Every structure is written in structure tokens, then in C-alpha cells.
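The structure under discussion appears below in the form of C-alpha cells.
The values are calculated or read from the model by the stated rules, or taken from the named source; none is laboratory data. The structure presented is a predicted model; accordingly, all values stated were derived computationally and were not measured. Note that each Cβ is placed from the backbone with ideal geometry, even for glycine, and that neighbours are counted across all protein chains shown.
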Amino acid sequence: MSNPRAAKVAERIQQIIARRLEKGLRDPRMGFVTITDVRVTGDLQHASVFYTVYGSEEEQSDTAKALKAATGMLRTEVGKQLGTRLTPVLEFIHDELPDSAQHLNELLAEAKRRDDEAHALAANASYAGEEDPYSKPRDLDADESDDSDDDDLDDLEDGEFDDSDELEDLEDEDEDGIDEEDLEDDERRD
């Protein structure tokens, strides 16, 4: 309710109806009723009164019938004490919020019980495979190297190089890795 006047009227209606129900109605079907909320339209013509009833399903349905029968009397009482030009039409609606809250509490208790069972199982569980199944990057020893050019140069320095063609290619290349004969052939063509 964004209208502050409607909010005040709703609060006042809730108090009036609650006091009247405390005094009691002459209807034997009426159970223990609690007015939980009242919502009034912006034009103050309609009021929805939400209530809960303590008791069984039968008592709740009997109370709904009793409130429907007493709607006119309760509207007259509201009109006398409210002091507005028009008295809003009252509509009594059984409030399902406590029932749904109880259902949510039961669901939360069930979830907690299942979590406790899962924690108990996890405490006694062991790994199906390795403890850490993810592969790790391997550490290279100082002797190992993936660069084949470095191996070839090491072999050349040690004098253990077998392939004479590769040896000649390496000797022809200068420090930049460029073959001098190819460079001279390219210069002649230009």
C-alpha cells in the first residue's frame, strides 16, 4: 500500500475487527480467530481481511462460514468506529501463510537431516582412485631438455655428431642462423 491513508485505515479496521472478535460472536461455529492482515484498496472501497484459525480443517471451514454470516454486522461495527464517509466492503480470506511457513520449516528440517547424513557418510568415505586425480605439470630435470637444436649443438661441441650433412649445414650458418651460401646466391640474383 503506497497510500499512507489506506495503510492507516487498514490498520484501524484490523484493530476494530480484532476487538469485536475478542468480545465474541453468538455463532457457535466460530473458532479461535486471529486477524493477521488487512489490505484496503486506494479508493477505500474494499478491504481484504486475512485471518488464521487454530484448529482442524472442520473448525476452519465452520469459522469461514461464521465469518461470512457475520460480515454485515462486522461491517456495521467498522463503519461506526471508522468515521469515514463510505464503509469499505469486507472480504474475509483465510491466510495460508502460517501453513506454508510450517511446510517450509518441515522441508528445511528434512534438508538438514539429509545434510547431516551426507556429512556422516563423507567422514567415513575413501577415494575411489587417487586422492588427487588431476594431472600436474611434470618437472624437468636439469639433464633433460625438449629443444633438439640445443642437443645437436651439445653433440657438436663434444665431437659426437654423426650426420655429416647436418654438420656442414651448421658450419655454414653464421651466428644469426643464416646460411652464407644461400645469402650469396640471393645477392647474385639481385
### Query
If you go through the stretch 3-50 one residue at a time, how many are farther than 20 Å from LYS80 by Cα and of a type outside the set (Lys, Arg)?
13
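Could we say that ASP27 is at pLDDT below 85 and either surrounded by 14 or more Cβ atoms within 10 Å (Cβ to Cβ) or in contact with a helix residue (DSSP H, G or I) (Cβ under 7 Å, 6 or more places away or on another chain) (or both) here? Outline the logic, then answer.
Working: at pLDDT below 85: yes; either surrounded by 14 or more Cβ atoms within 10 Å (Cβ to Cβ) or in contact with a helix residue (DSSP H, G or I) (Cβ under 7 Å, 6 or more places away or on another chain) (or both): yes.
It is true that ASP27 is at pLDDT below 85 and either surrounded by 14 or more Cβ atoms within 10 Å (Cβ to Cβ) or in contact with a helix residue (DSSP H, G or I) (Cβ under 7 Å, 6 or more places away or on another chain) (or both).
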#### Entry: Only listed residue being on the phi < 0 side of the Ramachandran plot and exposed (fewer than 13 other Cβ atoms within 10 Å of the Cβ), chosen from GLN14, GLN45
GLN45
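Out of the residues in the stretch 1-20 that are among the polar types (S, T, N, Q) and over 19 Å from PHE92 (Cβ atoms), which is modelled with the highest pLDDT? Working first, answer last.
As a first pass, look at the stretch 1-20 and keep what is among the polar types (S, T, N, Q): 2-3, 14-15.
Next cut, over 19 Å from PHE92 (Cβ atoms) only: 2-3.
Working: SER2: 67, ASN3: 80.
Among those residues, the one meeting the criterion is ASN3.
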### Task
Could you grab me the full set of residues in the stretch 53-87 that are under 18 Å from THR36 (Cα atoms), touching a helix residue (DSSP H, G or I) at 6+ places or on another chain (Cβ under 8 Å) and in contact (Cβ under 8 Å) with a residue 40 or more places away in the chain?
VAL53, LEU74, VAL78
### Query
Condition test on VAL9, is it part of a strand (DSSP E or B) and of a type in the set (A, V, I, L, M, F, W, C)?
no
### Task
Taking only the stretch 32-42 into account, find how many residues are surrounded by 17 or more Cβ atoms within 10 Å (Cβ to Cβ) and either within 17 Å of SER61 (Cα to Cα) or at pLDDT below 85 (or both).
2
### Task
Go through the stretch 70-108 and count every residue that is closer than 18 Å to THR41 by Cβ and part of a loop (DSSP other than H, G, I, E, B).
5
